[in-house]
Amino acid sequence: MKNKIYLTLLFVGLLITQYSCDLQKDPISDFSELTNPRDSANNENEITTKEQVVALRNGLYSTIRNSQENWYLDYLVYTETHADNAYRGTSGSELSSLEAQSQDGINKNIARDWNAFLNYIVTANRIILNIDDVPDQTLTTAERKQWKAEALIFRAWIWFDMVRLWGGIPLVTQKTPNVTAENIEEVYPLLFPARNSVEEVYTKIISDLQAAVIDAPDVSADNKFLLSKAVANALLARVYAEKPVRDYAKVIEYCNDVQSAGFELVENYGDLFAFDQNTKDVKLRNSKESIFEITYPAGSTNWVWMMFGLNEADPNSVYDWAKWITPSRDLIAAFEKENDTERMNASIVWGNPSWSIHYPSNNYPFMYKTRSNLSSVIKIRLADILLLKAEAYANLEKLGDAKALVDEVRARAKLGNLPASATASKENMKAAVLNERRLELAFEGQRWFDLVRNDQAIPVLNTLNSRDPGRMPMLPLTEQTILLPIPQEAIDKNPSLTQNEGY
């Protein structure tokens, strides 16, 4: 019997080592809520001081700032290239399969993002699962509540993105004790968690955000890189627009809560993304429209600009290699149909690279919303919330209210009001809102989710090859393949995981 226990523990230990080594640890600390015990007098990683908690909070925001590859670049592949707004930009097989709707469980980009998102959860959990037990009384009650709320918002946000991309996911919400012969059967599911249902994930997201909004910080006018009450309310509005928990009255309620924090549309759409050659900096940072903005001022600049085009902060920047998120002909046609030059010129720039993949090299379009290494990544802004509220009004058949919000956003883009036909029916208004969101939020990580949420992904994408001659031949999109596959390497390492149907 003892030999069996020993062999079992050895096997689990090897699996733990393999699994945990695959998850990159936060550079601030090697503490891991997935593998370390909560209460141990000999635990050298035990969090006991305010200084350690401050380091963890700084590490959370550092993680967000450093999430450029997974939570921005790859995220845009899923939301723009995997939809109808962009081509892959390069010939890599991982991006090609996502453009062609032929992705599978061995796609390396999908695997790296699954692991990265799980790491983001670990980062948040380090705060959530420890802060209440820190004995250092210089860590005030107010600090404990606020910093925990910020971590809850980030964790809920990542779960929200994961559940929309992959469906049911493991919810890691408790610490793992040391493995012993007595508790191995109890601990095993914590080490190798199964997927929670989609409904369970949404329920937990909502409860965490509702708890967080109470203690999260108020909006700071000069620092939108802050997980504030407005961020929590904006996420709740987005969550309640989704089918599993859909409640349009709550969407409107939480949009109103966001608006009550005092956000306003900036006067000039292009200023949101512009680089000022006179000041050698972005024209706007922490604008009055931004709700959550990952900022990259001098000293903490981004690198991801190089994946999209030129660096306007560097006069020597050149188109030296193929860029990602190449604007599609279908998106360009949508801008042109609306005569929407204001937003098209802020979203797309034409260049003359030495190579040609999707267009002739003498007139090649590039994604233009990240123009320099000083550019912010704006994750949530007011125009998104106004149009989400319009979507809710349209579905509640309050068509005049929906039209008024859309017209407000169009006025900033120097476009006229929607035609009267938009309010002729619920379906007309829903289509108008969806189109407006496409033009307003192009390359901001919304298009795929907008199509899926509005039951338009299958009809739009399965007719895309006939509309867009530049698109790769696509496999038919089905209800099963709307979700991404669970990475096969994750299933190999965690026997409790199951694959999505269709893969």
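The values are calculated or read from the model by the stated rules, or taken from the named source; none is laboratory data. Predicted model, so just to flag it, every value in this text is computed and none were measured. Positions of Cβ are generated from backbone atoms using ideal geometry, with glycine treated the same way; all protein chains shown enter the neighbour counts.
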Next item on the list: Starting from residues that are in contact with an Asp or Glu (Cβ under 6 Å, 6 or more places away or on another chain) and polar (S, T, N, Q), keep the ones in segment 116-129 and report whichever is nearest to Tyr72 (Cα to Cα).
Entry: Thr123
Notebook entry, point to check: Of everything in segment 303-354 that's of a type in the set (Val, Ile, Thr) and not in a strand (DSSP E or B), which residue is surrounded by the most Cβ atoms within 10 Å (Cβ to Cβ)?
Noted result: Ile325
Next item on the list: Test Ile169 against the criterion of being outside any helix (DSSP H, G or I), in contact with a helix residue (DSSP H, G or I) (Cβ under 6 Å, 6 or more places away or on another chain), surrounded by 16 or more Cβ atoms within 10 Å (Cβ to Cβ) and not hydroxyl-bearing (Ser, Thr, Tyr), and give yes or no.
Entry: yes
Note to self: If Tyr61 satisfies all but one of (1) hydroxyl-bearing (Ser, Thr, Tyr); (2) surrounded by fewer than 19 Cβ atoms within 10 Å (Cβ to Cβ); (3) under 24 Å from Thr326 (Cα atoms); (4) touching a Leu at 6+ places or on another chain (Cβ under 9 Å), what's the number of the condition it fails?
What the structure shows: (3)
Notebook entry, point to check: Does Ser260 satisfy the condition of being hydroxyl-bearing (Ser, Thr, Tyr), surrounded by 21 or more Cβ atoms within 10 Å (Cβ to Cβ) and on the phi < 0 side of the Ramachandran plot?
Noted result: no
Check: Only one of Asp161, Asp104, Asp136, Asp84 is part of a helix (DSSP H, G or I) and either under 30 Å from Tyr503 (Cα atoms) or in contact (Cβ under 8 Å) with a residue 60 or more places away in the chain (or both); which?
Finding: Asp161
Next item on the list: Report yes if some residue within segment 356-372 is part of a helix (DSSP H, G or I), surrounded by 23 or more Cβ atoms within 10 Å (Cβ to Cβ) and of a type in the set (Ser, Thr, Tyr); otherwise report no.
Entry: no
Item checked: Filtered residues of segment 46-81 (kept if touching a residue at least 24 places away in the same chain (Cβ under 8 Å), part of a helix (DSSP H, G or I) and hydrophobic (A, V, I, L, M, F, W, C)) -> Val53, Ala55, Leu56, Leu60, Ile64, Trp71, Leu73, Leu76, Val77
Note to self: Out of Ala232, Ala249, Ala216, I need the residue that is more than 19 Å from the chain's Cα centre (by Cα) and buried (at least 24 other Cβ atoms within 10 Å of the Cβ). Which one?
What the structure shows: Ala216
Note to self: Being β-branched (Val, Ile, Thr) and closer than 25 Å to Leu227 by Cβ is the requirement here; does Ile169 meet it?
What the structure shows: yes
Note to self: I'm checking my understanding of the structure. Among residues of segment 86-116 that are surrounded by fewer than 20 Cβ atoms within 10 Å (Cβ to Cβ) and hydrophobic (A, V, I, L, M, F, W, C), which one is nearest to Pro327 (Cα to Cα)?
What the structure shows: Ala100
Next item on the list: Go through Ala394, Ala431, Ala442, Ala402 for me and flag whichever is closer than 23 Å to Ala333 by Cβ, small (Gly, Ala, Ser) and crowded, with 20+ Cβ neighbours inside 10 Å.
Entry: Ala442
Next item on the list: Within segment 445-469, work out how many residues are loosely packed, with under 14 Cβ neighbours inside 10 Å, in a loop (DSSP other than H, G, I, E, B) and touching a residue at least 24 places away in the same chain (Cβ under 8 Å).
Entry: 1
Next item on the list: Identify, from the list Glu289, Glu293, the residue that is touching a helix residue (DSSP H, G or I) at 6+ places or on another chain (Cβ under 9 Å) and of a type in the set (D, E, K, R).
Entry: Glu289
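To keep it simple, each residue is scored yes or no on (1) in contact with a helix residue (DSSP H, G or I) (Cβ under 8 Å, 6 or more places away or on another chain); (2) at pLDDT 95 or above.
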residue: Ala156; (1), (2): yes, yes
residue: Thr173; (1), (2): yes, no
residue: Val187; (1), (2): no, no
residue: Phe192; (1), (2): yes, no
residue: Arg195; (1), (2): no, yes
residue: Val201; (1), (2): yes, yes
residue: Ala212; (1), (2): yes, yes
residue: Phe225; (1), (2): yes, yes
residue: Lys229; (1), (2): yes, yes
Notebook entry, point to check: Restricting the search to segment 179-229, which residues are within 20 Å of Glu143 (Cβ to Cβ), in a helix (DSSP H, G or I) and out of contact with any Leu (no Cβ under 6 Å at 6 or more places or on another chain)?
Noted result: Ala211, Val213, Ile214, Asp215, Lys229
Checklist line | Cβ pairs under 6 Å, 6+ apart, first in segment 319-343 and under 22 Å from Ala432 (Cβ atoms), second among the charged types (D, E, K, R) and surrounded by fewer than 18 Cβ atoms within 10 Å (Cβ to Cβ) | finding: Asp330/Arg467; Glu342/Lys414
Next item on the list: Evaluate the following for Gln488: is it on the phi < 0 side of the Ramachandran plot, of a type in the set (S, T, N, Q) and surrounded by 16 or more Cβ atoms within 10 Å (Cβ to Cβ)?
Entry: yes
Item checked: Failed item, numbered, when Met344 is tested on (1) out of contact with any Asp or Glu (no Cβ under 8 Å at 6 or more places or on another chain); (2) over 22 Å from Asp281 (Cβ atoms) -> (1)
Checklist line | When residues of segment 405-425 are limited to those that are more than 21 Å from Val251 (Cα to Cα) and hydrophobic (A, V, I, L, M, F, W, C), the one surrounded by the most Cβ atoms within 10 Å (Cβ to Cβ) | finding: Ala422
Next item on the list: Being crowded, with 22+ Cβ neighbours inside 10 Å and either of a type in the set (A, V, I, L, M) or over 11 Å from Val53 (Cα atoms) (or both) is the filter here, so list the residues in segment 136-157 that pass it.
Entry: Ala149, Glu150, Ala151, Leu152, Ile153, Phe154, Arg155, Ala156, Trp157
